[in-house]
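Engineer: Okay, here's the structure, questions in a sec.
The values are calculated or read from the model by the stated rules, or taken from the named source; none is laboratory data. The structure presented is a predicted model; accordingly, all values stated were derived computationally and were not measured. Please note: Cβ atoms are built from the backbone with ideal geometry, for glycine as well, and neighbour counts cover all protein chains shown. Heavy atoms of the whole protein, side chains included, go into the accessibility calculation; ligands, DNA and RNA do not. Shrake-Rupley method; radii C 1.70, N 1.55, O 1.52, S 1.80 Å.
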Amino acid sequence: MSALLEITNVTKTFPGVVANENISISVSAGEIVALLGENGAGKSTLVKSVFGMVRPDSGEIRIKGELISPGDTSGAIARGVGMVHQHFQLVPVMTVTENIILGDEPKRGIFLNMKAARAEVLALSEKYGLEVDPDAFVEDLAVGTQQRIEILKALRKDVDLLILDEPTAVLTPQETDELLQVMRNLAASGVGVLFITHKLREVMAVADRVVVLRNGRVAGSTSPKETDEEGLAQLMVGRNVVLQVEKGDAKPEAATLVIRELHVNDDRKHLAVSGLNLEVRAGEIVGVAGVEGNGQRELVEAICGMRPRISGEVLVSGEATPDMHPHKVHSMGVSHIPEDREKHGLVSSYSIEDNLVLNQFDREPFAKSWIRNIGALEDNATRLVEEFDIRTPSIKTTASALSGGNKQKVVVARELSQDTRVVVAAQPTRGVDVGSIEFIHNQLIAARDAGAAVLLVSAELDEILSLADRVAVMFGGKIVAILDAKEAERGLVGRLMAGLSA
Amino acid sequence: MKRFLTFKWILTLILIAITGYLYSRDGVITTSVVATALIFGLPLALAAMVGIMCERTGIVNIGIEGTLLFSSFIGFFVASTTNNGVFGIFSAILAGVVTGLFLAFMSISWKMDQIIAGTIINILATGLTSFLYKQGHTAPTTSPIDIPFFSNIPFFGQVLFMNGPLVYFGLVVIFALYVALYHTSWGLRSRAVGEHPGSADTAGVSVFRLRYLNVALAGAVGGLAGAYLSLELVGSWDRGFTAGKGFTALALMIFGRWNPMGALAAAMFFGLAQAITNQLMFADVAHIPEQFVNMLPYVLTIVVLAISAGKVRPPAAEGQQYEKEQA
């Protein structure tokens, strides 16, 4: 049987980086192939080449035996390729229907036929059991729903090959399970599925075959039957990785971070945090589990002084923190690893040494009155780059030149190297590769053991379950349950996250 | 959004009421003022369409002024040398397309900063036309066409149906653009490209091609506006005679929230303001120094921008280069 998709010796270089080097992969009809690899291993580049979003330098890509010309997206679509993109390719100010029909619009004469379009979207939604409101504006929808739209968009033409680029990064465990089921159904109906992820659990659950990429090359090919998660991780990173976080028991002391009756609005002026109470003691990690969009972001920003509080207070060691004053909050001993490192964690165009002192550049020893002390700055950077294993050509390199994992290490290094009483870590390992995740987790535990109160907010349930000493489940702007790590079992937490009672 | 909508309707009703009252007081003058408002407002409206067509696909065009100046000059020059008004009009439109393509070339192919690209067009148009211009030429101009039957309707007849051909054509273009933008696949794709080019690209729509097409078409509309200015409204050409209309148009585009109908309404409001001041001066009612009167459009621009500041949302991808390949 000839393969549905045949990638032969594809090579692609970007200035300074070899993204893909002589990669050959094939996918057959009805097969689910997982493409696994660390950040920057070249997974996205490879599938974008298939979809015509990237032109490979050399090599061949054939679909159903037919050679596709490089950079021809509409040609790929016409040959039955659908793709769900890592960064949603949706127009926020347009409706669900408009987004789905874009590129091949039903027409009556020269005009759009929105009635037919709407009917088509409803039929599509029915067919695949993915519920969407055709008239809703995309910007008003939760990420999980946007994901469904992306999938419907990809499935609209009868696809033979569906490519999914990290589709589960933003989903809840339940939504992920649903998506995996959709993938199985599609494969059963003869569709070939090429699925990018770096979550090993999903690979084990759904893939028929696994191809692992490392540094732009195929590091190995295996199947879930032949290996386990440890084996996959090793193949991915090229060395042994400890997946299970090793940590001693917490020795909690007095409550350092106390949140009382906190109310916060979201960007659209709707109440996102409504009367939240939480205590984090020195020497423990409290993990906030919850589906994204239940007020976690607003909670974190209100604690750190980046978003106005409507009412309620946040105390650090008994002292009230000021509202809307991040610098003062920080100087009271609150470190913040922000969710969006590009926006709030780093100045991309600054050097690493400057990024490492972003919130203390004006203090001793980095400045004397208003003159900066470049020597202290460089010493600090050299030490932290070494200590936090930041892989960079030099401390003068701009942050924008680093990979995602190393950027995050710069943020973590800056926040955890200071004398800190409270650590607020929001999605600290999002989009970070396995090796760096392991490192960041160990740093958070080290901060805990040094006596800091750590508040960990993460969309990754596995991360919460493996790191937290206590799990606080957040739903609808409130903490609906606080569980001890021992009693926090995956299914139970998942149900609480969905707003169901235990 | 809702509040703004009611504000818009209230404003419209007030304007209609005032016009009605004035018409009952003095029909002849009111009719002529409103008719003048249309012919003054039209070039602004067309110029605002240029901005809308470009910015809706994500290209900032501050070179509208240059397009107007260059195309009105070429139109006048060709009409004058060939003694043929139709040639003049087509040359003006062609000249507009040339400036559009030049902008597209600089900002899409060369990936230049779009503000700088627009400025280059403005400077180039000013310099080139001033250099080539020779005084003392005349050109044939268009003459008004009365639409049978409709032109006999009181008030509306004289305002809408006794105009030069380019007024009719311009209005048709504006309405067609409105329908096309919201009810055709071209419009849907254009808006998608201006908001989130990746979404269009991944749906198989060529961002590059669509941007080129729209910027060139916008240039044609700008050329039409230029032809209207030199061959219909004024009937001559002078150095720098577009007097900032291209910039005012950008403000109108923003005030009209990048919607052709909104921009048309805003342009008509501007035209009305100008027609009223002209009337006041002419009737010697107001003794305002001319300089202040000439300032009016610019003062209004500032007021309008201040009112709409923060309330409007420009196309999200405006002014950004689209890089298809990212690592």
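Engineer: Are any of the pairs A:43/B:324; A:247/A:343; A:343/A:409; A:343/B:324 more than 24 Å apart by Cα-Cα distance, and if so, which?
Structural biologist: Listed pairs above 24 Å: A:247/A:343.
Engineer: What is the distance in Å between the Cα centres of the stretch A:108-148 and the stretch A:63-84?
Structural biologist: Using only Cα atoms to place each centre, the spacing works out to 24 Å.
Engineer: Ok, one more. Can you give the direction-averaged projected area of the convex hull of the alpha-carbon atoms in the stretch B:32-182, in nm²? Don't skip to the end; give the middle numbers.
Structural biologist: Values: hull surface 42.6 nm².
Its Cα hull, projected and averaged over all orientations, spans 10.6 nm².
Engineer: Now for a different question. Which order do peptides A:8-15, B:136-143, A:152-159 fall in by mean Cβ count within 10 Å, highest first? Don't jump to the answer; show the numbers that get you there.
Structural biologist: Numbers: A:8-15: 15.9, B:136-143: 14.0, A:152-159: 19.0.
Going from most to least packed, we get A:152-159, A:8-15, B:136-143.
Engineer: List the residues of the stretch A:95-112 whose accessible area drops by at least 40 Å² when all protein chains are present, compared with their chain alone, using a 1.4 Å probe and counting only protein heavy atoms.
Structural biologist: A:102, A:103, A:105, A:111, A:112
Engineer: Cα-Cα over 22 Å: which of A:48/A:199; A:396/B:111; A:107/B:311; A:115/A:153? Spell out each step's value before the answer.
Structural biologist: On the way: A:48/A:199 20 Å; A:396/B:111 28 Å; A:107/B:311 33 Å; A:115/A:153 17 Å.
Pairs exceeding 22 Å: A:396/B:111; A:107/B:311.
Engineer: Report Rg(Cα)/(2.2 N^0.38 Å) for the stretch A:342-495, keeping two decimals. Show your work: numbers first, answer last.
Structural biologist: Values: Rg = 17.3 Å, N = 154, 2.2 N^0.38 = 14.9 Å.
Ratio of Cα Rg to 2.2 N^0.38 Å: 1.16.
Engineer: For the stretch B:1-107, just the Cα set please: Rg and Dmax, both in angstrom.
Structural biologist: Taking only Cα atoms of the stretch B:1-107, I get Rg and Dmax of 19.2, 54 Å.
Engineer: Report the FRET efficiency, 1/(1 + (r/R0)^6), for residue B:179 and residue A:358, where r is their Cβ-Cβ distance and R0 is 45 Å, rounded to 0.05.
Structural biologist: It comes to 0.30.
Engineer: If you don't mind, another one. Which of these, B:294, B:83, B:163, has the largest mean-square fluctuation under a Gaussian network model of chain B (Cα springs below 10 Å)?
Structural biologist: Looking only at B:294, B:83, B:163, the biggest GNM fluctuation is shown by B:294.
Engineer: Related question: If you take each beta carbon of peptide A:73-79 and count the beta carbons of other chains within 10 angstrom, what is the mean?
Structural biologist: Details: counts 8, 5, 1, 1, 3, 1, 0.
Mean partner shielding for this stretch: 3.
Engineer: Rounded to whole Å and sorted largest first, what semi-axes of the equivalent ellipsoid does the C-alpha gyration tensor of the stretch A:169-286 yield via the square root of 5 times each eigenvalue?
Structural biologist: Details: eigenvalues 299, 115, 30 Å².
Ellipsoid half-lengths, sorted descending, are 39, 24, 12 Å.
Engineer: Sticking to Cα atoms, compute the Rg of the stretch A:463-502 to one decimal and its Dmax as the biggest Cα-Cα distance, whole number, in Å.
Structural biologist: 9.3, 25
Engineer: Counting helices only, and only those DSSP H runs with n ≥ 4, report the 222 nm mean residue ellipticity of chain A as the sum of -39,500 (n - 2.57) divided by its residues, in deg cm²/dmol to the nearest 500.
Structural biologist: Numbers: 16 runs with 156 residues, N = 502.
My calculation for chain A gives -9000 deg cm²/dmol from helical runs alone.
Engineer: Suppose R0 equals 30 Å. What FRET efficiency, 1/(1 + (r/R0)^6) with r the Cβ-Cβ distance, do residue B:278 and residue B:152 give to the nearest 0.05?
Structural biologist: Working: r = 26 Å, r/R0 = 0.87.
Efficiency at R0 = 30 Å is approximately 0.70.
Engineer: So what does residue B:238 come to for accessible area, using a 1.4 Å probe and Å² rounded to 10?
Structural biologist: 80
Engineer: Where the Cα atoms of the stretch A:164-223 are projected onto their three principal axes, how long is each span, largest first, in whole Å?
Structural biologist: 31, 27, 17
Engineer: What residues of the stretch A:145-179 lie in the reach of a label at residue A:492, counting those whose backbone N is under 19 Å from a point 7 Å from the Cα along Cα→Cβ?
Structural biologist: Under 19 Å, as judged by backbone N against the label point of residue A:492, lie A:173-174 of the stretch A:145-179.
Engineer: So if I average 1/r over every pair of distinct C-alpha atoms in the stretch A:312-396 and take the inverse, what Kirkwood radius in Å does that give?
Structural biologist: On the way: mean 1/r = 0.0687 Å⁻¹.
Averaging 1/r across every pair of different Cα atoms and inverting gives 14.6 Å.
Engineer: Less than 12 Å Cβ to Cβ from residue A:384, Lys/Arg counted +1 and Asp/Glu -1: what total charge do the surrounding residues give? Present the calculation step by step, with values, prior to reporting the outcome.
Structural biologist: Details: positive: A:383, A:409, A:414; negative: A:353, A:378, A:379, A:386, A:387, A:389, A:415.
Spelling it out: positives minus negatives among the neighbours equals -4.
Engineer: Cα atoms only: what Rg and Dmax, in Å, come out for chain B?
Structural biologist: 20.0, 70
Engineer: Kindly point out which whole DSSP H helices in chain A project their C-alpha atoms 20 angstrom or further along the helix axis while averaging a Kyte-Doolittle hydropathy of -1.0 or above. Walk me through the intermediate numbers first.
Structural biologist: On the way: long enough: A:114-128 (21 Å, -0.03); A:173-188 (22 Å, -0.42); A:434-449 (23 Å, 0.31).
Within chain A the helices that satisfy the rule are A:114-128, A:173-188, A:434-449.
Engineer: Follow-up. In whole percent, and with a 1.4 Å probe on the protein chains, what portion of the accessible area of the protein assembly as shown is carbon and sulfur?
Structural biologist: Values: 21280 of 36380 Å².
Ligands and nucleic acids excluded, carbon and sulfur reach 59 percent.
Engineer: Moving on to the next point. Using a 10 Å cut-off on Cβ to Cβ distances, tally the other chain neighbours for every residue of A:80-93 and report the average as a whole number. Spell out each step's value before the answer.
Structural biologist: On the way: counts 0, 0, 0, 1, 1, 3, 0, 2, 4, 9, 6, 13, 4, 8.
Counting Cβ atoms of other protein chains within 10 Å of each residue's Cβ and averaging gives 4.
Engineer: Which of the aspartates and glutamates could be linked to residue A:486 by a straight reach, that is with a Cα gap under 20 Å, when you skip same-chain ones fewer than 8 residues away?
Structural biologist: A:246, A:249, A:253, A:279, A:284, A:449, A:460, A:462, A:463, A:469
Engineer: At 1.4 Å probe size, what's the solvent-accessible area of residue B:90? Round to the nearest 10 Å².
Structural biologist: 130
Engineer: Using the Kirkwood radius over Cα pairs, work out the Stokes-Einstein diffusion coefficient for the stretch B:201-327 at 10 °C and 1.306 mPa s, in µm²/s as a whole number. Please report the intermediate quantities before stating the final value.
Structural biologist: Details: Rh = 17.6 Å.
In µm²/s, the coefficient rounds to 90.
Engineer: What figure, in Å² to the nearest 10, do you get for the accessible area of residue A:58 with a 1.4 Å probe and non-protein molecules left out?
Structural biologist: Roughly 50 Å² of residue A:58 is accessible to a 1.4 Å probe.
Engineer: Under a 1.4 Å probe, what is the accessible area of chain A per residue, stated in Å²?
Structural biologist: Numbers: 21030 Å² over 502 residues.
Dividing the accessible area of chain A by its residue count gives 42 Å².
Engineer: Relative to the present Cα-Cα distance, how much length would full extension add between residue A:55 and residue A:111 at 0.36 nm per residue of separation?
Structural biologist: Working: separation 56, 0.36 × 56 = 20.16 nm, distance 3.40 nm.
My answer for the length gained is 16.8 nm.
Engineer: Rank these residues by their accessible area, most exposed first, probe 1.4 Å: A:6, A:38.
Structural biologist: Ranked from most to least accessible, the order is A:6, A:38.
Engineer: Would you mind getting the Kirkwood hydrodynamic radius of the stretch A:356-401 from its Cα pairs, rounded to one decimal in Å?
Structural biologist: On the way: mean 1/r = 0.0888 Å⁻¹.
Its Kirkwood hydrodynamic radius stands at 11.3 Å.
Engineer: While we're on this one: Under a 1.4 angstrom probe, counting protein chains only, how are B:212, B:228 ranked by accessible area, largest first? Please report the intermediate quantities before stating the final value.
Structural biologist: Details: B:212 50, B:228 5 Å².
Of B:212, B:228, the descending order of accessible area is B:212, B:228.
Engineer: Now for a separate question. Compute the Rg to Rh ratio over the protein assembly as shown from the alpha carbon atoms, using the Kirkwood formula for Rh, and round to two decimal places.
Structural biologist: Numbers: Rg = 31.6 Å, Rh = 30.5 Å.
Using only Cα positions, Rg/Rh for the protein assembly as shown is 1.04.
Engineer: Rounded, prolate or oblate: which fits the stretch A:1-101 when a ≥ b ≥ c are the square roots of the eigenvalues of the alpha-carbon gyration tensor, with rounded for a/c under 1.5 and prolate only if a/b beats b/c?
Structural biologist: On the way: a/c = 1.72, a/b = 1.27, b/c = 1.36.
It is oblate, given that a/c is not under 1.5 and a/b is not larger than b/c.
Engineer: Once the convex hull of the C-alpha atoms of the stretch A:35-86 is built, how many Å³ does it hold per residue, rounded to a whole number? Working shown, then result.
Structural biologist: On the way: hull volume 4.6 nm³, N = 52.
Taking the convex hull of the Cα positions in the stretch A:35-86, it is 88 Å³ per residue.
Engineer: A further question follows. Give the average, rounded to an integer, of partner chain Cβ atoms located within 10 angstrom of each Cβ in A:35-42. Walk me through the intermediate numbers first.
Structural biologist: Working: counts 0, 0, 0, 0, 0, 1, 0, 1.
That average works out to 0.
Engineer: Find out how many positive minus negative residues lie around residue B:67, taking Lys and Arg as positive, Asp and Glu as negative, among other residues whose Cβ is under 15 Å from that of residue B:67. Mind dumping the intermediate values first?
Structural biologist: On the way: positive: B:245; negative: B:55, B:65.
Result for the neighbourhood of residue B:67: -1.
Engineer: Cα to Cα, under 12 Å, and not fewer than 8 places away if on the same chain: which aspartates and glutamates meet these conditions relative to residue A:64?
Structural biologist: A:6, A:160
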